[in-house]
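A short worksheet on the structure shown next.
The values are calculated or read from the model by the stated rules, or taken from the named source; none is laboratory data. Note that the coordinates shown come from a computational prediction; the quantities given were computed from them, not determined experimentally. Cβ coordinates were reconstructed from backbone atoms using ideal geometry, including for glycine residues, and neighbour counts include every protein chain displayed. Only protein heavy atoms, including side chains, enter the accessible area calculation; ligands, DNA and RNA are left aside. Shrake-Rupley method; radii C 1.70, N 1.55, O 1.52, S 1.80 Å.
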Amino acid sequence: MIIGASLLAYDSSHLEMEPTPLRVVTMRQIADLLPNLISDDTLQNQKAAFVAHSMNKGTISPVQTLGQTPAGPMLGGKQSQVCVKTGYINEDEIFVTKVAGGGAEGYGNTGIVLVSSQRSLQPQYVLQDNAILTEIRTAAATALASRYFLPKKVTRIGLFGGGVQAFWQLRFLTLVTDCRDVVLKTRSRSTAEAFLRKMKSNPLDAQWRITVADDDAMDAFKGCQLVHTLTTSREPILLAKHLDLSQDVHISAVGADSPGKCKLRSCILKCADIIACDSLVQTIERGEGQFCNQMQRASIVEIGTLLAKSDKIPPYQADKPRLTIFDSSGIALQDVCIAKALCQLLEQEANSPKY
């Protein structure tokens, strides 16, 4: 009879190594800490991720995407997608592996974040976040970019998409602008109505004044100086003629996170004075940069490069309107930084006196 431990005799350290205590954090525990993350600290957290990436102070692995082209389809349906992102800040204490999925028919978003030690390489936390940390870091990063490019006068915000990300986008935009008037455009009236009902159930969300655009209204965003697109579309949904480009306009495009996805027609990209992104490699591989010509690609700049120099774009010219675009495909260092922020909150909670 073979004793199982004898099969490891070639390296007894497998049995002798003292395991690092592994803390599994449930979604309920994470939910209790979410109000603490809706803050300027989280914007600065994401700024640190972008700057580290652009200054080559972090390391990330190539994104793994399952379920979407060129990968084979998954059983959850044609919208099913799972992304795996791994990375770390150089000389920091942790590295992070995130698995986030969504789009499966009949199911919500899923995911976990594994936080491990760079020293021992042993896992320390399993965050069962169901991709909420991805939603938060995406919204915070987008709001950060919009604050950088924010036109001097914003009287109306355009929002394309009424899913989970839309809630978090508006929550973080409260940190960026005093404007509370939104034009919402979704793929169906029922989606918009469901979004409005849910927005009224939370005091933080209820402060927004939301007008739902008609399904066939192509000029719904004409009065908007700030536009956020939040869809997984594979066809352009925003054209230059949908906007009033006689005024300053900024667009933050979120959701083009796998090859073939897009939101902006090439005519908008051609009109842009500045196109920024989170990662040059990723925007060309899986972002709006897929649809730029070589000259346009050469002019794209990473937001981390800009933020390393200043927290705000140079003043707008009074006599020349400006169109700026931020393309977000999401980078692993964002996941590293938001996971670290949550772990710090968990440690503070654990160390706080109990009465």
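Conditions tested, residue by residue: (1) under 21 Å from Ala100 (Cβ atoms); (2) under 16 Å from the mean Cα position of the chain (by Cα).
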site	(1), (2)
Met17	no, no
Leu22	yes, no
Leu37	yes, yes
Asn45	yes, yes
Val63	yes, yes
Pro73	yes, no
| task | Could you please give the count of residues in region 267-320 that are open to solvent by 20 Å² or more (accessible area, probe 1.4 Å) and part of a helix (DSSP H, G or I)? | result | 17
| So which of Thr138, Thr134 is open to solvent by less than 20 Å² (accessible area, probe 1.4 Å), within 21 Å of Ala49 (Cβ to Cβ) and touching a residue at least 40 places away in the same chain (Cβ under 8 Å)? | Thr138
| said: Please pick out the residue among Ala5, Ala31 that is over 30 Å from Thr305 (Cα atoms), at pLDDT 95 or above and loosely packed, with under 13 Cβ neighbours inside 10 Å. | reply: Ala31
| request: Report the residue count in region 332-353 for those that are under 17 Å from Ile112 (Cβ atoms) and among the acidic types (Asp, Glu). | output: 1
| field | Selected residue (only one of Asp41, Asp92 is within 22 Å of Ala141 (Cβ to Cβ), touching a Lys or Arg at 6+ places or on another chain (Cβ under 9 Å) and of a type in the set (Asp, Glu)) | value | Asp92
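Based on what the data block shows, is Val96 touching an Asp or Glu at 6+ places or on another chain (Cβ under 6 Å) and under 25 Å from Thr20 (Cβ atoms)?
Numbers: touching an Asp or Glu at 6+ places or on another chain (Cβ under 6 Å): yes; under 25 Å from Thr20 (Cβ atoms): yes.
Answer is yes for this residue.
Residues are listed down the side, and each one gets a yes or a no for (1) crowded, with 16+ Cβ neighbours inside 10 Å; (2) among the charged types (D, E, K, R); (3) in a helix (DSSP H, G or I):
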residue: Gln165; (1), (2), (3): yes, no, yes
residue: Leu170; (1), (2), (3): yes, no, yes
residue: Cys179; (1), (2), (3): yes, no, no
residue: Ser190; (1), (2), (3): no, no, yes
residue: Lys198; (1), (2), (3): no, yes, yes
residue: Ser201; (1), (2), (3): no, no, no
| note | With criteria (1) open to solvent by less than 60 Å² (accessible area, probe 1.4 Å); (2) farther than 17 Å from Ile112 by Cα; (3) not β-branched (Val, Ile, Thr), Glu18 comes up short on (1)
| So which of Asp214, Asp248 is more than 19 Å from the chain's Cα centre (by Cα), open to solvent by 40 Å² or more (accessible area, probe 1.4 Å) and of a type in the set (Asp, Glu)? | Asp214
